[in-house]
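The values are calculated or read from the model by the stated rules, or taken from the named source; none is laboratory data. A quick note: this is a predicted structure, and the numbers were derived from the prediction, not measured. Backbone-built Cβ (ideal geometry, glycine too); neighbour counts: all protein chains shown. Heavy atoms of the whole protein, side chains included, go into the accessibility calculation; ligands, DNA and RNA do not. Shrake-Rupley method; radii C 1.70, N 1.55, O 1.52, S 1.80 Å.
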Amino acid sequence: MAALVIVVVLVLFLLATGVKVVQQYERGVVFRLGRVRGQVREPGITLLIPVIDRMRKVNVQVVTMPVPAQEGITKDNVSVSVDAVLYFRVSDPIRATVDVQNYGFAMLQVAQTSLRSIIGKSELDDLLSGRENLHQGLEVMLESPATGWGVHIDRVEIKDVSLPVSMKRSMARQAEADRERRARIITADGEFQAASKLAEAAATMAETPAAMQLRLLQTIVEVAAENNSTLVLPFPVELLRFFETAAARVTEAAPPEDRSTDWPRP
């Protein structure tokens with residue numbers, strides 16, 4: 001009787017060890033006598049043959065892996081330090097378990113070498129402003145080995161680009177000079193537009209003399225409103241022209257000896 005109880009307990013224990021639970025974010029890879037079973041166990045309760053089967057659970061969640069900063073020289077001979085972040089997940093649990101010993105460490109090493117390679121192939125302006133193309137290039141470089149390991153690359157992004165202090169100063173001076181250039185261009189363009197408008201206004205007033213008088217009266221009103229102690233006396237321009245013409249006629253009508261500046265000596 002005691003032996004029967006022991007046998008029953010042993011059988012229940014073996015059955016209990018043969019029942020495994022696979023979580024929703026996991027997949028189970030079963031080894032039967034050292035050989036991989038072709039079917040991956042899905043989430044839920046799965047039954048194994050005690051002593052014969054062994055199951056290894058593989059996490060299929062997206063892994064966020066920071067890539068340490070890598071130093072390199074760009075295509076235009078600038079020393080920079082670039083770090084990145086890699087997002088990947090296991091797409092084939094059997095390959096990720098059998099074909100590579102540690103797929104996480106392997107992906108980290110490939111990401112570092114690919115990042116150094118992309119630094120040497122790129123210029124500084126691309127690292128600072130054209131990162132979308134660099135992200136795509138990194139993803140293509142990582143996709144080839146990752147596919148053989150049963151890993152899918154979701155995305156790769158460059159986090160930060162560290163520049164030497166001297167390069168930062170040069171870039172600051174360049175930005176300041178560019179802003180100064182744009183400010184001067186804007187000022188010159190404003191002066192050109194103002195001169196064009198003034199020329200058009202002068203042509204219009206020349207065709208209509210009454211417009212000049214109206215503008216003169218408007219100027220008087222503006223000055224009187226701002227400076228009450230200022231007295232403005234308008235003087236017609238036509239009167240000045242009359243005096244100028246009269247003076248020229250008198251000068252032409254005078255005898256030559258009267259226009260001479262050489263006086264007789266005593």
In the set Val19, Val63, the lone residue that is of a type outside the set (Ser, Thr, Tyr), open to solvent by less than 70 Å² (accessible area, probe 1.4 Å) and under 43 Å from the mean Cα position of the chain (by Cα) is Val63
May I ask you to list the residues in segment 164-173 that are closer than 16 Å to Leu128 by Cα and open to solvent by 80 Å² or more (accessible area, probe 1.4 Å)?
Val165, Lys168, Arg169
Reported set for segment 130-146 where residues are closer than 12 Å to Met107 by Cβ and surrounded by fewer than 19 Cβ atoms within 10 Å (Cβ to Cβ) is Glu143, Pro145
Which residue is surrounded by the fewest Cβ atoms within 10 Å (Cβ to Cβ), if the candidates are limited to segment 148-163 and must be under 18 Å from Leu128 (Cα atoms) and either free of Cβ contacts under 8 Å to residues at least 24 places away in the same chain or among the charged types (D, E, K, R) (or both)?
Asp160
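Here is a yes/no grid of residues against (1) in a helix (DSSP H, G or I); (2) at pLDDT 70 or above; (3) open to solvent by less than 70 Å² (accessible area, probe 1.4 Å):
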{"position": "Ala175", "(1), (2), (3)": "yes, yes, yes"}
{"position": "Ile185", "(1), (2), (3)": "yes, yes, no"}
{"position": "Ala199", "(1), (2), (3)": "yes, yes, yes"}
{"position": "Leu214", "(1), (2), (3)": "yes, yes, no"}
{"position": "Leu231", "(1), (2), (3)": "no, no, no"}
Quick one: which of Ser81, Ser91 is closer than 18 Å to Leu138 by Cα and out of contact with any Phe, Trp or Tyr (no Cβ under 6 Å at 6 or more places or on another chain)?
Ser81
Among the numbered criteria (1) farther than 23 Å from Val100 by Cβ; (2) open to solvent by less than 100 Å² (accessible area, probe 1.4 Å), which single criterion is violated by Leu4?
(2)
Looking at segment 130-147 only, could you name the residues that are free of Cβ contacts under 8 Å to residues at least 24 places away in the same chain and small (Gly, Ala, Ser)?
Gly130, Gly137, Ser144
Filtered residues of segment 44-62 (kept if within 13 Å of Val22 (Cα to Cα), outside any strand (DSSP E or B) and modelled with pLDDT of 90 or more):
Val60
Taking the criterion of being on the phi < 0 side of the Ramachandran plot and touching a residue at least 60 places away in the same chain (Cβ under 8 Å), would at least one residue in segment 97-116 satisfy it?
yes
Cβ pairs under 7 Å, 6+ apart or interchain, first in segment 167-182 and within 21 Å of Thr74 (Cα to Cα), second modelled with pLDDT of 85 or more and surrounded by 10 or more Cβ atoms within 10 Å (Cβ to Cβ), ordered by first then second residue, are none
Step by step: first the residues of segment 68-92, then only those that are of a type outside the set (Ser, Thr, Tyr) and outside any strand (DSSP E or B), then the one that is surrounded by the fewest Cβ atoms within 10 Å (Cβ to Cβ). Which residue is that?
Asn77
Residue check: is Val29 outside any helix (DSSP H, G or I) and either more than 24 Å from Arg95 (Cα to Cα) or under 49 Å from the mean Cα position of the chain (by Cα) (or both)?
yes
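So that you can scan it fast, the table gives a plain yes or no per residue for (1) open to solvent by 70 Å² or more (accessible area, probe 1.4 Å); (2) part of a loop (DSSP other than H, G, I, E, B); (3) under 16 Å from Asn59 (Cβ atoms); (4) of a type in the set (S, T, N, Q):
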site	(1), (2), (3), (4)
Arg95	yes, no, yes, no
Val100	no, yes, yes, no
Gly104	no, no, yes, no
Met107	no, no, yes, no
Gln112	no, no, no, yes
Arg116	yes, no, no, no
Gly120	no, no, no, no
Leu128	no, no, no, no
Taking the stated definitions as given, is Gly44 without any contact (Cβ under 8 Å) to a residue 24 or more places away in the chain, farther than 29 Å from Pro164 by Cα, open to solvent by less than 80 Å² (accessible area, probe 1.4 Å) and not acidic (Asp, Glu)?
yes
